[in-house]
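What follows is a single structure, written as C-alpha cells, with notes after it.
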Amino acid sequence: MSFAIHFAPPEASSVAGKVDVLFYGVLAFSTALTLLLTGLVVYYAVKYRAGTSADRTGARGRSLPLEIGWTGASLVVAFIIFAWGAELYVYRDQPPADALEIAGLGKQWMWTFRHAGGQREINELHVPAGKAVVVSLASQDVIHSFYVPAFRLKQDAVPGRTTHLWFIADKPGRYHLFCAEYCGTQHSEMGGWVTVMPPEQFAQWLAAQGQDESLAEGGARLFRALGCSGCHGPSSKVRAPDLAGVYGKPVALSDRQTVVADEAYLRDSILQPAKQIAAGYDPIMPSFDGLIDESELQMLVAYLKSLSASSPGRSETSQ
Ligand code: HEC
Ligand SMILES: [Cu+2]
C-alpha cells in the first residue's frame, strides 16, 4: 500500500505537461510575490511598531521612476502569462487534419461514443496511444462537460451545437472520465473511463467489436428514410441543392452573404432550414427539429461530410 499523496492526476496527454508547466509557473510566481509582500508587511510592522526607536523623520516622498518601474514590470509579466496561456489555448483548439474522429454524445446521465466504423461504447472510450483523436461532442438535453483530468482537458457538450476536443494520449492506461457540469440528480454518477491502448492492441479491440453500420452509412440510411433524398436526390422533382461536395465549400445565401458549409451550417440547415436559405432556392425544406435526435443528427452530418471526403463533386446524393 502506498501512502504517497497525489496532488495531481498523472500526465497522460500531449498537452498535460504543458498545462502543468503553465499552472506551476503561475503558482510559483504568485507564491514568490505573496512571500515578498507578506515579508515586507511583517518587516515594517515589526520595525515601526509603537514604542520603537526607529527613525521616523524621512520625508513621504514619491518616486516616479519607481512607480513606472513596477507598473511596467507588472504589465510585462501579465502579458507574458497571457501570451503563454493563449498559445496553449490555440494549440488545444486546433486538431490536426488526420485526427481519428469519434462522435461523443452526452445525455442524462451517460456518455455514449461512436467510432467511425460504427462501434458504440457507453461510459467507456477506447483510443489508440500516440495518435491524434478528435471527439466531437453533442448533448441530447442539457449542458454536460467532458472532462479527463489526466489529459488536462475539459470541453462542454452544449445542446444544439457540436463542440470538439482533441488530444494525443501518450501513455497506455485507464483514466477517469467525468461530467464536469452539474446536469441533474445523477450528475455525480455520470462518468466512466478512457482506455488508452497501444495502436496494434487498439486495432484488435476495434475489430473485435464487430463491424456495425458506420456513422456515415447510418446517415445514408436516414437520408433515405427521412425523405431527404426525395428532395435532394438526382431524380427529385423538387428544386433542392445537390449536397455532394457541399461540406467545406462556400455557399451563397439568399441574403447575399456567403458562408462556409461547416458542421454548424449543416446542423442548422437540418434543424432550422429557414435561418439560412441557399441562394436561388425556395425555402420549402421542413425543419427536422424534434424529429431526429442528436445521434441521428451526428450520423446525417457524417454522411454529408463523407460525400465531400471520398470523391469531391460526385453527383449522386441518394442511392
Ligand atoms: C421538401 C424538400 C426537402 C426535404 C425533405 C429536405 N430538404 Fe434539405 N433543402 C431543401 C431546399 C429547397 C434547400 C435549399 C433552401 C434552403 O437552404 O433552405 C435545402 C437545403 C439543405 C441544405 C443546405 C444546402 C446548401 O447548399 O446550402 C442541407 C445541408 C440540407 N438541405 C439537408 C437536408 C437533409 C439532411 C434532409 C433530411 C433530413 C433534408 N435536407 C430534407 C429541400 C428539402
Ligand atoms: Cu452531465
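The values are calculated or read from the model by the stated rules, or taken from the named source; none is laboratory data. Note that the structure is a prediction, hence the values are computed from the model and not measured. Positions of Cβ are backbone-derived with ideal geometry, glycine not excepted, and every protein chain shown enters the neighbour counts. These area figures cover heavy atoms from the full protein model, side chains too; ligands, DNA and RNA do not enter into them. Shrake-Rupley method; radii C 1.70, N 1.55, O 1.52, S 1.80 Å.
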Matching entry among 297, 266 (being of a type in the set (A, V, I, L, M), touching a helix residue (DSSP H, G or I) at 6+ places or on another chain (Cβ under 6 Å), crowded, with 16+ Cβ neighbours inside 10 Å and outside the structural domain of residue 138 (by TED's automatic domain parsing)) = 266
From 51, 17, 72, 85, grab the single residue that is part of a helix (DSSP H, G or I), more than 30 Å from residue 168 (Cα to Cα) and among the small types (Gly, Ala, Ser).
-> 72
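A quick yes/no check of all residues on (1) modelled with pLDDT under 95; (2) of a type outside the set (Asp, Glu); (3) under 25 Å from residue 301 (Cβ atoms):
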residue: 145; (1), (2), (3): no, yes, yes
residue: 161; (1), (2), (3): yes, yes, yes
residue: 164; (1), (2), (3): yes, yes, yes
residue: 170; (1), (2), (3): yes, no, no
residue: 173; (1), (2), (3): yes, yes, no
residue: 183; (1), (2), (3): yes, yes, yes
residue: 187; (1), (2), (3): yes, yes, no
residue: 191; (1), (2), (3): yes, yes, no
Looking at the range 126-183, what strands (runs of 3 or more DSSP E) fall wholly within it and have at least 1 residues that are in the same structural domain as residue 91 (by TED's automatic domain parsing) and within 16 Å of ligand 1 (Cβ to nearest atom)?
-> 132-139
Within the range 177-185, can one find any residue that is open to solvent by 80 Å² or more (accessible area, probe 1.4 Å), within 11 Å of ligand 2 (Cβ to nearest atom) and over 30 Å from residue 291 (Cβ atoms)?
-> yes
Taking only the range 237-252 into account, find how many residues are more than 8 Å from ligand 1 (Cβ to nearest atom) and either open to solvent by less than 30 Å² (accessible area, probe 1.4 Å) or in contact with a Cys (Cβ under 8 Å, 6 or more places away or on another chain) (or both).
-> 2
How many residues does the range 111-130 hold that are in contact (Cβ under 8 Å) with a residue 24 or more places away in the chain and either buried (at least 17 other Cβ atoms within 10 Å of the Cβ) or among the polar types (S, T, N, Q) (or both)?
-> 12
Exactly one condition in (1) modelled with pLDDT under 90; (2) surrounded by 14 or more Cβ atoms within 10 Å (Cβ to Cβ); (3) away from ligand 1 (no atom under 11 Å from the Cβ); (4) among the polar types (S, T, N, Q) is not met by residue 229; state its number.
-> (3)
Please specify each residue of the range 275-284 satisfying the condition of being more than 7 Å from ligand 1 (Cβ to nearest atom) and open to solvent by less than 90 Å² (accessible area, probe 1.4 Å).
-> 279, 280
Is it true that some residue in the range 30-52 is open to solvent by 90 Å² or more (accessible area, probe 1.4 Å), polar (S, T, N, Q), free of Cβ contacts under 8 Å to residues at least 60 places away in the same chain and not assigned by TED's automatic domain parsing to the domain that holds residue 133?
-> no
Residues of the range 136-159 satisfying the condition of being among the small types (Gly, Ala, Ser) and away from ligand 2 (no atom under 16 Å from the Cβ) = 136, 150
Would you be able to say whether some residue in the range 265-277 is under 27 Å from residue 140 (Cα atoms), away from ligand 2 (no atom under 16 Å from the Cβ), in contact with a Ser or Thr (Cβ under 7 Å, 6 or more places away or on another chain) and β-branched (Val, Ile, Thr)?
-> yes
Do we have any residue at all in the range 78-91 that's more than 27 Å from residue 296 (Cβ to Cβ) and touching a Lys or Arg at 6+ places or on another chain (Cβ under 7 Å)?
-> yes
Only listed residue being assigned by TED's automatic domain parsing to the domain that holds residue 155, under 15 Å from the mean Cα position of the chain (by Cα) and more than 17 Å from residue 294 (Cβ to Cβ), chosen from 119, 94 | 94
Does any residue of the range 70-85 turn out to be open to solvent by less than 80 Å² (accessible area, probe 1.4 Å), more than 34 Å from the chain's Cα centre (by Cα) and more than 30 Å from residue 197 (Cβ to Cβ)?
-> yes
Of the residues that make up the range 103-121, is at least one out of contact with any helix residue (DSSP H, G or I) (no Cβ under 9 Å at 6 or more places or on another chain), β-branched (Val, Ile, Thr) and not in a loop (DSSP other than H, G, I, E, B)?
-> no
